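To start, the structure under review is shown below, and the notes come after it.
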Amino acid sequence: AVVSTQSTGAVIGSLRTDFSYIAEAEHFSALLYSLASYLDTWHMRAPHCLSDVGTILGTIIPIVSHYLTSSVSGEKEDTTTQVLSMLSNLTAMLRVMTPTILSLLSEKIGIQCLPAPLLALNFTTPPLGTEGPPSYGILTGCLRGCLTLLQRVDPCKSATPTKSDSELTIAGQKSQIIFVMENILYVLMSQSQQAVLDTNLEQSDVYHLRRELGIELKTVLEGVHRHFRKGSSSHSPRMDRTLSCSSSYGNILEQSHLSFFKLGYQFVNSLLQV
C-alpha cells in the first residue's frame, strides 16, 4: 500500500492553516496506522516508504500537538476528541515502528539486526509545518503538551463525577491523552536504548542524549505524579537528581491506569546514572 504524495500534501497543508478538514485528517491517520501491519514487508521491499512515513509523522505531530495545547477554552469538544484520536493513531504507529524494549534488552540481538534509528538526535522543536523526520525534541515537546492538556481536561477535582455527557467526554479524552503519552514514552525509551547500544555513536552524543532525555522525562513524570497525587498541596516536590524509589512517586504510579508510567519512572532512574 502506498500513500500518495498529493494526498499527504493536501492533509498537511490543511492542518497548517485550519482544522476544518479534521475528519479527513483523522481518517488519514487511521490509514497510516493500519499500514503499520505491513512494516516487515516495507523493510524488505520498500524501505524508502518508511522514510516517507517518518517525514509525514515528524511533520504532522507537532502541528496537532500545538493545536491541542493552544486551543482556547470553549473549543468544540468533538474537534478536540478527533484531534486526540489522530494523535493517538500517529503515536501508535511510531510505537509499532520502533523496536520492542524486550528485544533491545536481549543479549542475542546485535545492533546490526536493528532498523535505522527512527528519531533524529536533537532536542529542538522545529517551526510548525517544517518537513522532516520525528526527533527527540518533537516527541518530548508533544509529551509536555499532553501533560498540559491533561491538567486542563482533568483538573482532578474531588467532587464525585456524574454520568453527564460532559463527564463522559472528559473521561474519554483523558484516556486518549494517557494513551498518547504512553506511546511517546515507549518510543523515547526504545529509541534511546537503541542509541546507547549503537557503538557507531560518539560517546559525547550518547552522554548528551542521556542527560537531556533524562531531564525531560523526569520533568514530565514529576508532573504526572503531582497531577494524580490526591490531596496534594500547591507546592512542587523537591527536585532530586533521581526520583527516589522510596518516595511517593512509586506509590502514585502503582495505580493500574498509570502502571506504564512506573516503567518510565524506573527507566529515568537508570538513564540518569551517567
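The values are calculated or read from the model by the stated rules, or taken from the named source; none is laboratory data. None of the values given here were measured: they were computed from a predicted structure. With ideal geometry, Cβ positions are generated from the backbone for all residues, glycine too; neighbour counts draw on all protein chains shown. Surface accessibility is based on the protein's heavy atoms, side chains included, excluding ligands, DNA and RNA. Shrake-Rupley method; radii C 1.70, N 1.55, O 1.52, S 1.80 Å.
Given the conditions (1) within 23 Å of GLY145 (Cα to Cα); (2) at pLDDT below 80; (3) part of a helix (DSSP H, G or I); (4) open to solvent by 30 Å² or more (accessible area, probe 1.4 Å), which single one is not true for HIS48?
That leaves (1) as the condition not met.
Which pairs do you get when a residue that is closer than 24 Å to ARG211 by Cα, found in the stretch 119-137, comes within reach of a residue that is in a loop (DSSP other than H, G, I, E, B) and polar (S, T, N, Q), reach meaning Cβ atoms under 8 angstrom, with the pair 6+ apart or on two chains?
SER135/ASN122; SER135/THR124; TYR136/ASN122; GLY137/ASN122; GLY137/THR124; GLY137/THR125
Scan the stretch 166-180 residue by residue and report those that are free of Cβ contacts under 8 Å to residues at least 60 places away in the same chain and surrounded by 16 or more Cβ atoms within 10 Å (Cβ to Cβ).
Across the stretch 166-180, the qualifying residues are ILE170, LYS174.
Kindly list the number of the only condition in (1) over 25 Å from SER65 (Cα atoms); (2) in a helix (DSSP H, G or I); (3) open to solvent by less than 50 Å² (accessible area, probe 1.4 Å); (4) modelled with pLDDT of 85 or more that fails for GLY264.
(1)
Could you check the stretch 143-154 and list, in sequence order, the residues that are open to solvent by less than 60 Å² (accessible area, probe 1.4 Å) and over 15 Å from the mean Cα position of the chain (by Cα)?
VAL153, ASP154
Looking only at the stretch 229-247, decide whether some residue is at pLDDT 70 or above, out of contact with any His (no Cβ under 9 Å at 6 or more places or on another chain) and surrounded by 12 or more Cβ atoms within 10 Å (Cβ to Cβ).
yes
Can you tell me which residue in the stretch 110-142 is surrounded by the fewest Cβ atoms within 10 Å (Cβ to Cβ), limited to those that are assigned to a helix (DSSP H, G or I) and touching a Ser or Thr at 6+ places or on another chain (Cβ under 6 Å)?
Ranking the candidates gives GLY137 first.
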